[in-house]
1. Could you tell me which of the residues B:204, B:144 is among the acidic types (Asp, Glu) and more than 24 Å from residue B:253 (Cα to Cα)?
2. Please state which one of B:5, B:21, B:56 is at pLDDT 95 or above and of a type outside the set (Asp, Glu).
3. Suppose we filter B:358, B:387 for residues that are outside the structural domain of residue B:179 (by TED's automatic domain parsing) and either free of Cβ contacts under 8 Å to residues at least 12 places away in the same chain or in contact with a helix residue (DSSP H, G or I) (Cβ under 6 Å, 6 or more places away or on another chain) (or both); which single one remains?
4. Determine if the range B:200-222 includes at least one residue that is buried (at least 20 other Cβ atoms within 10 Å of the Cβ), part of a helix (DSSP H, G or I), away from chain A (no Cβ under 14 Å) and among the aliphatic types (A, V, I, L, M).
5. Is it the case, given these coordinates, that residue B:114 is surrounded by fewer than 23 Cβ atoms within 10 Å (Cβ to Cβ), on the phi > 0 side of the Ramachandran plot and assigned to a loop (DSSP other than H, G, I, E, B)?
6. Residue A:256 passes all but one of (1) without any contact (Cβ under 8 Å) to a residue 24 or more places away in the chain; (2) farther than 29 Å from residue B:50 by Cα; (3) outside the structural domain of residue A:207 (by TED's automatic domain parsing); (4) of a type in the set (D, E, K, R); which number fails?
7. Being over 24 Å from residue A:147 (Cβ atoms), within 22 Å of the chain's Cα centre (by Cα) and without any contact (Cβ under 8 Å) to a residue 24 or more places away in the chain is the filter here, so list the residues in the range A:292-329 that pass it.
Protein chains: 2
Amino acid sequence: MVDFSKCVSEMRTSEIRDLMSVAIRPDIITFAGGMPNNDLFPVKEIDEIYNGLDDSVKKEGFQYGPTPGYPPLIESLREYLRSKNLPVDTNDILITAGSLQAINIIAKLFINPGDKVITENPCFIGGTSAFKSYQADITGVPLDADGIIMEELKRAMENEAKGAKILYLSPYFHNPAGIIYSRQRKEQLLAYLKGKEIILIEDDPYGELYFNPEDEALTVPMKTIQPEPVPICYTGSFSKILGPGMRLGWLLASPEIINKAQLAKQSMDACSSTFTQVLADQFLRQGKMKPYVERLRKIYARRMKIMNDSLLKNMPPEAKWVVPKGGFYIWITLPENIDAKEILKESMARGAIFVIGKTFDPLGKKNNTLRLAFSHTPENEIERGVKIIAEALKARL
Amino acid sequence: MVDFSKCVSEMRTSEIRDLMSVAIRPDIITFAGGMPNNDLFPVKEIDEIYNGLDDSVKKEGFQYGPTPGYPPLIESLREYLRSKNLPVDTNDILITAGSLQAINIIAKLFINPGDKVITENPCFIGGTSAFKSYQADITGVPLDADGIIMEELKRAMENEAKGAKILYLSPYFHNPAGIIYSRQRKEQLLAYLKGKEIILIEDDPYGELYFNPEDEALTVPMKTIQPEPVPICYTGSFSKILGPGMRLGWLLASPEIINKAQLAKQSMDACSSTFTQVLADQFLRQGKMKPYVERLRKIYARRMKIMNDSLLKNMPPEAKWVVPKGGFYIWITLPENIDAKEILKESMARGAIFVIGKTFDPLGKKNNTLRLAFSHTPENEIERGVKIIAEALKARL
């Protein structure tokens, strides 16, 4: 039994709900939602796929599928992951409801109430809420532009997070921090973790969304190193390369873990939607994913550039950020004494919203930060929205 | 952390997997799968719906939805449940991944390791595996043709199941027992539970599938009684009235419970598939569900009759069963000394399979029972399959 009243996530939920209710006002410019814009979804491609399906395949889509996933999708996903040099022959795949369900299942398998988990700080809110729902004791370790800060991680693992069962990282176009781990940081991390009894969850929902082809090399998962020096649960998602409404993600992990994860999933929802798995399989199998993602990269790169240019032009020098090389987010850090909630209030009154930093702090405290998502905002609104936030900030500085 | 090696469900999973691998042999007649036959799904209806959707609605299907569910679906589902006199104005709805996820969430909210749960014996395997995954201590209470046996329930609640947090029942065309609760039994049950601190989960995935219109009155949920004398979590599913591959079900419960259940779901998978929720909404909204279910009732009634006639003609007198008034299953009880596993072995060698009784015993023991599903088997194979099982049984008696 979980006492949700003690979860920070309850407060966050209501806060996010408030934000969302504001976001539907037509006069408000929103950088709040961490999702693609509706106009970016591959509707035409899925129309073609759906109307080209044999009736016998459609019928499979209405039926229960095996708990590990719809077999053709496992096959096409395996080839997709193989093309990224992921170890699909020595590891097994479980299809999940987004990468969130994969994280939740790993937490269910390994966390007893009070067990320690290390996350980044800031951290994807779904990750912290999954760990908290199993009553994990979370330590958040800060990031710099190259990834988790090694000294801070070491200090935490030798002190308050000693004996942690899970280290949860989202190294590629981090939500909300927008950064990507450097090659060197990944190597340092793996070298440090080697031989330690901790499970590394490498969560990778945004890796495909690099803006410049030369940055593709940065997105190589740690899981590609074979044999792995650390047991890695690699999680990914169709949410950003097809659509979150499909509720499809995956877990790539050792057969032992996948076997137990299957049992957990079986008791949760029996299987993921076969209907959307059929569509996702064809999306990969017919080669529609690649051109679609190429289109997305260009669009998001352009939106990021507009946002970054506007920030440079309008923001006071106290606001700092790392220019993202991919993904959905710019993460603004303000002086320690600034409360993002105040900025949000001011900004909302002027007509633009975002998500405040403490939403992403596992302890719900640190709040001199703002997450601006450019994924969801039409290009022609970005500059005006940034100006509003900059003015709100200047008014409160 | 759940030690799945101690779960009965692990054994069951592998047993069911074995059965399924046999079931795909073309020479085998299977009564094993508790699902509709692929040929029964409303493919034409969903084709019409999909191709009639506005692009803007399709795009919503690709997007995240609110955790409680896609608002238009909640609205159309509310009207559907209202038409059954369910208390939709004083209770809230949560859309889940099948009714299984609703059961899992209730277990997550209320069960600490070692807490007691009462189920029927036999019981839906998804229910027991959900409770076991939270390390519940389950007591199974036997059924007769009219429902749970009141004396046995009282005895359990005063003894080994004293202080149980949850009573899980599936009163309408029970899986696997095939029975439906009598009106009197439901009244006795509610009178007995009144004032006791226990949550009743009333799981109702099969209620629409009555065979004779005069039996519709039997399917009236206990949850329709207002004000309820007992806190009831009413769960249902689109799996049997649209297709399990949609992974859609619902929980109707008090606003307090739904509020906590939403938080749990948020940490599990954020929301159910918006894509399939859009389709399910239109299926209800366009009035396609009603004629489809009427068609199903006739088909399943015919299959049940063929199976029942074959059983009457072929089974030895030692085999007993209650003729179902709806649903998917005939549940055969054999003399106590018979091991269903032996019958299955013999029957499989002769060319027909089913699920053995202990799969549905929460303690995985009682095994002088067989579940024959008629939902999945073509009409022209039913008699031959029943004959094979009858012969296998006679050979082992």
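The values are calculated or read from the model by the stated rules, or taken from the named source; none is laboratory data. Please read all numbers here as calculations on a predicted model, not as lab measurements. Cβ sites come from the backbone with ideal geometry, for glycine too, and all protein chains shown count toward neighbours.
1. The conditions single out B:144.
2. None of the other options fit; the residue is B:56.
3. That would be B:387, the only listed residue that is outside the structural domain of residue B:179 (by TED's automatic domain parsing) and either free of Cβ contacts under 8 Å to residues at least 12 places away in the same chain or in contact with a helix residue (DSSP H, G or I) (Cβ under 6 Å, 6 or more places away or on another chain) (or both).
4. Among the residues of the range B:200-222, at least one is buried (at least 20 other Cβ atoms within 10 Å of the Cβ), part of a helix (DSSP H, G or I), away from chain A (no Cβ under 14 Å) and among the aliphatic types (A, V, I, L, M), which makes the answer yes.
5. In short, yes.
6. In the conditions (1) without any contact (Cβ under 8 Å) to a residue 24 or more places away in the chain; (2) farther than 29 Å from residue B:50 by Cα; (3) outside the structural domain of residue A:207 (by TED's automatic domain parsing); (4) of a type in the set (D, E, K, R), residue A:256 misses (3) alone.
7. Listed by number, the residues that qualify are A:294, A:295, A:298.
For every residue, the table says whether it meets (1) at positive phi; (2) assigned by TED's automatic domain parsing to the domain that holds residue B:162.
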position: B:58; (1), (2): no, no
position: B:69; (1), (2): yes, yes
position: B:81; (1), (2): no, yes
position: B:84; (1), (2): no, yes
position: B:88; (1), (2): no, yes
position: B:91; (1), (2): no, yes
position: B:95; (1), (2): no, yes
position: B:108; (1), (2): no, yes
